[in-house]
Each structure stands twice: as structure tokens, then as C-alpha cells.
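First comes the structure, then the notes that go with it.
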Amino acid sequence: MLYSRIAGTGSYLPDRVLSNADLERIVDTTDAWIQERTGIRQRHVAADGQTTADLAEMAALRAMEAAGVTAADIDMLVVGTTTPDLIFPSTACLVQARLGANGCAAFDVNAACSGFIYALSMADKFVRSGQSKCALVIGAETLTRMIDWTDRGTCVLFGDGAGAVVLKPSEETGILSTHLHADGGYKELLFNPVGVSAGFIDEPGHGVKVKMIGNELFKVAVRALARTAEEALAANELPQEALDWLVPHQANLRIITATARHLGLPMERVIVTVDRHGNTSSGSVPLALDEAVRDGRIQRGQLLLMEAFGGGITWGSALLRY
Ligand code: ACO
């Protein structure tokens, strides 16, 4: 049996840091409220002119270096993003040209915050089937570009960033399973009302701004993530105790803690970056993975559960032996 295995990871965060104290000067909020309700202390914000493709390119180069591959090796490039530079070409095509990986398949996947898990799942299928020998999978976002900075319910949550992995075939082990889900019936809980076909409306109440019913979304997220964790373990006939690490989507520390508790995992075995990164949407899981790989917490051979949840709603998991 052929697996796809993560050969290298990389990530990138923009330099500018926005602290909770900075936000106190922008909206009616407090550092204490943000930390207590979300666990977030700060987030990174892309510089003027810095785009999703810029962040994606940096993360990709680091992942390629870690995997020991060059642009000529890459035969598939998938970017999970809901904040593409342009409507088209895709961010994947923009990154492909910069890397000089021209000629291979390149496309974006829009599944909001689940974008990286969706992209990873696509690439996994291509590598396992033998169609790809070296896939570059990126989760990259500049979500702060579509935030309403007068809405304290959303502007304190999001940050910008990107993470990437290189997938290569392996006879021994790698990604054991991925599970993807969506329920468009919940679209009103988190959405951006602007689009090409729906029309660009530029008037009060509209504009390119995220709308969210946070407390409802919170409950749906906790339920969906618990179910998807159980689903991944059951599909592989593995007990909860077999897990070495949970690498969750970083939306809210309380959501992460609830998932860990459901799995019976102590927080020491959960990778948490939400305190420093905020919610970087598709960037969050590969950013967390890369941090823990580089600081030596995640070791080769360990069992990892990655999961994400986002607007759509979408959710999913990847269970893998790193
Ligand atoms: N500072 C101070 N007070 C605030 C703030 C703020 N930044 N934001 C909201 N409040 C107030 C509300 O106005 C409300 O006040 P009221 O009681 O006087 O009406 C009170 O705090 C409670 O509001 P809730 O929304 O019920 O607070 P909750 O505890 O649910 O926390 C939060 C809000 C943090 C948004 C939480 O619901 C959450 O994290 N939800 C999930 C969001 C999420 O994960 N989104 C991303 C999904 S991934 C993707 O696809 C992008």
C-alpha cells in the first residue's frame, strides 16, 4: 500500500503584530475579555501591499527546503485559501510562477478555515494513486483584509499567515485517512456577502466584510470537531490513547480545549498557537504543525490528528503518522 507522507513543513507570519492592547484603542473591547473568551493575546497582520501569495510563497520555500526538494520536483500545487490575491488566476498559479514550478497542476480550494485540510485531502489522493510524486500543499490567508474593524465580535479574532507541507509517496506510513464534511444549511453563521455573481454591493451594511454569529457557530464547531475526531479514530480502529498530538484549527482556545477534553488528551499534547497567531483560517493548522515540528515536539513516527472547522460550514480531519 502506498501512503503520502509529509516530507517537510514550512510557515510564514507577517512582521506586524497587533496586540489586544492595540485593539482596545480601535474598538470597545479589553485585553481581559479577549483572552478570557478566546485565548488570543496577539495576531500578525500583513503589511500594505503584502498578499496571500506573498505569505504562501515564503511558507512554500521553507517547506521545500525542509523536504529537500526543488521547484522542478513539484508536480502538483494546491492552495487552501478564502482570501485569494485575485478572483483569477488562482493563488496557486501565482505561487507556481514565482517558484518556477510551471507546468504542473495548480489550483485553489476554498473551504474557509478548513481549506488546508481539504487541500491536503486532495493532494493525498493524487499521491496515493501514484499520479503525484511530490505535491506542495499550502494554507494561506490574509483574512484581516476582509474584517470589519468596527465590529468587536469579529475583528479581535483573525490574523494573517501561511503554512505549507510537501507530500511524497511512502511505502511505510504517512496519512492514514482524511474525512471532509460540509453543511451549507449553516451558511448564515459565517459568511462574506460579497461575490462576483451575487454582485459587488458597496453600501452601508454590505462591503467586503465577514459576518458571523459567533456564539451559535461556537456550539456547532464544538459538536462537529468532536464527531470528526471520533470518526477518524474509528475509521482506523485506533483508541484515543494512541494519539500523540492534536493539531487543531486555531479559532478559539475554548473550542480547542473542548475537543481535547472530548478526546481525553491533556493540553500538553495539543499544539496551541491561537494565543500568538489568532485565527489564520486555512493557515492555522499548517502553521501550528510547522511550529511543533521545528521546536522538536512532533517527532517522526508519532500519531497526529489534524482537524479544522470553518465557514460554509465545512469541517474535516487528517489522521497521520508523521
Ligand atoms: N470585547 C468585549 N465584549 C465583546 C466582544 C469583544 N471583543 N465581542 C463580543 N462582546 C460582547 C457581546 O456584545 C456580548 O455582549 P452582551 O451580552 O451585552 O450582548 C457578550 O460579549 C457575549 O457575546 P457572545 O458572542 O455570546 O460571546 P462568546 O462567549 O460566544 O464569545 C466568540 C464570542 C469569541 C466570537 C465565540 O463565540 C467564538 O469564538 N465563536 C466561534 C467563532 C469562530 O470560530 N469563528 C471562526 C470559524 S473558522 C472560519 O471559517 C473563519
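The values are calculated or read from the model by the stated rules, or taken from the named source; none is laboratory data. What you are looking at is a predicted structure, and each value in this text was computed from that prediction instead of being measured. Using ideal geometry, Cβ is built from the backbone for each residue, glycine included, and neighbour counts are taken over all protein chains shown. Note: accessible area is taken over every heavy atom of the protein model, side chains too, but ligands, DNA and RNA are not part of it. Shrake-Rupley method; radii C 1.70, N 1.55, O 1.52, S 1.80 Å.
Anything in segment 74-90 that is touching a helix residue (DSSP H, G or I) at 6+ places or on another chain (Cβ under 8 Å) and either touching a residue at least 12 places away in the same chain (Cβ under 8 Å) or part of a helix (DSSP H, G or I) (or both)? List them, or say none.
I74, M76, L77, V78, V79, G80, T81, T82, T83, P84, D85
Within segment 1-34, track down each residue that is under 22 Å from the mean Cα position of the chain (by Cα) and without any contact (Cβ under 8 Å) to a residue 24 or more places away in the chain.
Matches in segment 1-34: S19 only.
Failed condition for N110, given (1) under 14 Å from G139 (Cβ atoms); (2) more than 16 Å from the ligand (Cβ to nearest atom); (3) open to solvent by 50 Å² or more (accessible area, probe 1.4 Å), with all others met?
(2)
Going through segment 236-255 one residue at a time, which ones are touching a residue at least 60 places away in the same chain (Cβ under 8 Å) and open to solvent by 10 Å² or more (accessible area, probe 1.4 Å)?
Result: N236, L238, A242, D244, W245, H249, A251, N252, L253, R254.
Only one of (1) of a type outside the set (A, V, I, L, M); (2) open to solvent by 70 Å² or more (accessible area, probe 1.4 Å); (3) within 16 Å of the ligand (Cβ to nearest atom) fails for R16. Which number is that?
(3)
Among residues belonging to segment 35-75 that are within 16 Å of the ligand (Cβ to nearest atom) and over 20 Å from the mean Cα position of the chain (by Cα), point out the one that is surrounded by the most Cβ atoms within 10 Å (Cβ to Cβ).
This residue is R37.
Of all strands (runs of 3 or more DSSP E) completely enclosed by segment 91-202, which ones contain at least 3 residues that are aliphatic (A, V, I, L, M) and out of contact with any helix residue (DSSP H, G or I) (no Cβ under 6 Å at 6 or more places or on another chain)?
none
So K125 clears everything in (1) out of contact with any strand residue (DSSP E or B) (no Cβ under 7 Å at 6 or more places or on another chain); (2) within 13 Å of the ligand (Cβ to nearest atom) except one condition, right? Which one?
Unmet condition: (2).
I'd like to know if segment 206-216 contains one or more residues that are open to solvent by less than 20 Å² (accessible area, probe 1.4 Å) and at pLDDT 95 or above.
Looking for residues that are open to solvent by less than 20 Å² (accessible area, probe 1.4 Å) and at pLDDT 95 or above, one finds none in segment 206-216, hence no.
Of all residues in segment 161-185, how many are within 21 Å of A221 (Cα to Cα) and within 16 Å of the ligand (Cβ to nearest atom)?
Total meeting the criteria: 6.
Looking at (1) closer than 19 Å to L238 by Cα; (2) away from the ligand (no atom under 16 Å from the Cβ); (3) not basic (K, R), which is the only condition L289 fails?
It fails just one condition, (1).
Could you check segment 298-322 and list, in sequence order, the residues that are open to solvent by 10 Å² or more (accessible area, probe 1.4 Å) and closer than 14 Å to T9 by Cα?
Q299, R300, Y322, listed by residue number.
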